[in-house]
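Everything on this sheet refers to the single structure shown next.
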Amino acid sequence: MNTDLKEFGKELYKAAQLPLSWLLSAERLCAAAEAIIAHELPSEKPYFEAYAIAQKEAAAKAYAAGNEGGVAEIRAIPPNYPPAQLLYAYAIENALKGLIVANTPALIEERKLSDALKSHDLIKLAEKAAFAVHPQERPVLEALSELSIWAGRYPVALSRREHVGAPVPDELLDYGSAHPVMLSEHARSLRVGCRDQSVAASAHWWLCGSRARSMCSTRKGSRIYSR
């Protein structure tokens with residue numbers, strides 16, 4: 001009986017590492033991200049209007065004082081998009097790991113997760129997955145990686161070197177204007193050697209942004225500086 005339970009546990013753990021499991025996790029994270037975006041969208045218009053007013057006020061103060069720059073408060077709360085971007089980072093990470101496992105089924109282990117699947121670096125994961133990343137997408141994936149490692153989760157990094165001078169979470173994706181991450185108008189080749197082509201196709205469809213939602217956002221913050 002104990003032997004049967006042990007074998008069942010092994011199979012259960014291995015099943016959780018299958019490509020489909022990673023992709024289902026990606027879908028759940030994507031759905032949660034979209035819920036946050038939908039909740040925050042109504043705050044965009046009043047914030048952008050307040051932003052435009054603050055921009056004029058900052059310019060007027062700078063001109064009146066004869067200075068190069070002025071400061072004005074933005075009297076509105078900006079849309080809270082970083083949590084959604086964090087979830088998108090996790091979703092893309094899961095989808096890429098699904099592709100990696102599809103390419104290399106031997107990575108599925110009985111006792112622990114393979115070291116090849118422990119990274120949060122989306123650029124490195126894309127390389128392992130043989131997923132082609134366009135030049136304009138690279139900085140977006142780098143920003144999402146930073147969000148998933150610490151900037152989107154904690155108020156402080158592990159070291160002062162990482163923390164000091166780092167952009168605030170809103171700035172990493174230019175206050176939402178760089179979202180969605182992998183949106184593409186044309187089909188792209190995955191260049192994967194995958195046994196299960198349906199899994200590869202599903203991951204490609206998701207990563208290319210067919211479920212992603214475009215957002216129009218401008219620079220956010222509580223103050224605006226005019227030069």
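The values are calculated or read from the model by the stated rules, or taken from the named source; none is laboratory data. What you see is a predicted model; the values in this text were computed from it and never measured. Note that each Cβ is placed from the backbone with ideal geometry, even for glycine, and that neighbours are counted across all protein chains shown.
Details
- Lone qualifier among Leu5, Leu41 - being aliphatic (A, V, I, L, M), in a helix (DSSP H, G or I), surrounded by fewer than 12 Cβ atoms within 10 Å (Cβ to Cβ) and out of contact with any Ser or Thr (no Cβ under 9 Å at 6 or more places or on another chain): Leu5
- Pairs meeting the criteria (first residue in the stretch 121-133 and farther than 13 Å from Leu144 by Cα and without any contact (Cβ under 8 Å) to a residue 24 or more places away in the chain, second residue of a type in the set (A, V, I, L, M, F, W, C) and outside any loop (DSSP other than H, G, I, E, B), beta carbons under 9 Å, at least 6 apart or on different chains) are Val133/Leu122; Val133/Ile123; Val133/Ala126; Val133/Leu141.
- Of everything listed in (1) in a helix (DSSP H, G or I); (2) free of Cβ contacts under 8 Å to residues at least 12 places away in the same chain; (3) among the polar types (S, T, N, Q), the single unmet condition for Asn67 is (1).
- Condition met for Ala130 (of a type in the set (A, V, I, L, M, F, W, C) and over 30 Å from Lys14 (Cβ atoms)): no
- Looking at Ala54, Ala76, Ala64, just one residue is more than 27 Å from the chain's Cα centre (by Cα), modelled with pLDDT of 85 or more and more than 30 Å from Lys118 (Cβ to Cβ), and that residue is Ala54.
- Scanning the stretch 55-78 for residues that are among the acidic types (Asp, Glu) and surrounded by 12 or more Cβ atoms within 10 Å (Cβ to Cβ), we see that the one that is farthest from Glu44 (Cα to Cα) is Glu57.
- Test: Gln85 is under 16 Å from the mean Cα position of the chain (by Cα), modelled with pLDDT under 90 and assigned to a loop (DSSP other than H, G, I, E, B): no
- The lone criterion from (1) small (Gly, Ala, Ser); (2) surrounded by fewer than 17 Cβ atoms within 10 Å (Cβ to Cβ); (3) at pLDDT 85 or above left unmet by Gly98 is number (2).
- Unique match (being assigned to a helix (DSSP H, G or I) and free of Cβ contacts under 8 Å to residues at least 60 places away in the same chain) among Ala76, Ala26, Ala58, Ala33: Ala33
- Entry remark, the stretch 1-57: residues being of a type in the set (Ser, Thr, Tyr) and farther than 30 Å from Leu99 by Cα number 4 in total.
- Taken together, the criteria exclude Arg160 from residues that are surrounded by fewer than 14 Cβ atoms within 10 Å (Cβ to Cβ) and in contact with a helix residue (DSSP H, G or I) (Cβ under 7 Å, 6 or more places away or on another chain).
- Residues that are at pLDDT 90 or above and of a type in the set (Val, Ile, Thr), drawn from the stretch 22-51: Ile36
- Within the stretch 8-23, considering residues that are outside any helix (DSSP H, G or I) and touching a residue at least 12 places away in the same chain (Cβ under 8 Å), the one surrounded by the fewest Cβ atoms within 10 Å (Cβ to Cβ): Leu18
- Test: residue in the stretch 82-95 that is surrounded by 22 or more Cβ atoms within 10 Å (Cβ to Cβ), in contact with a Gly (Cβ under 6 Å, 6 or more places away or on another chain) and hydroxyl-bearing (Ser, Thr, Tyr): no
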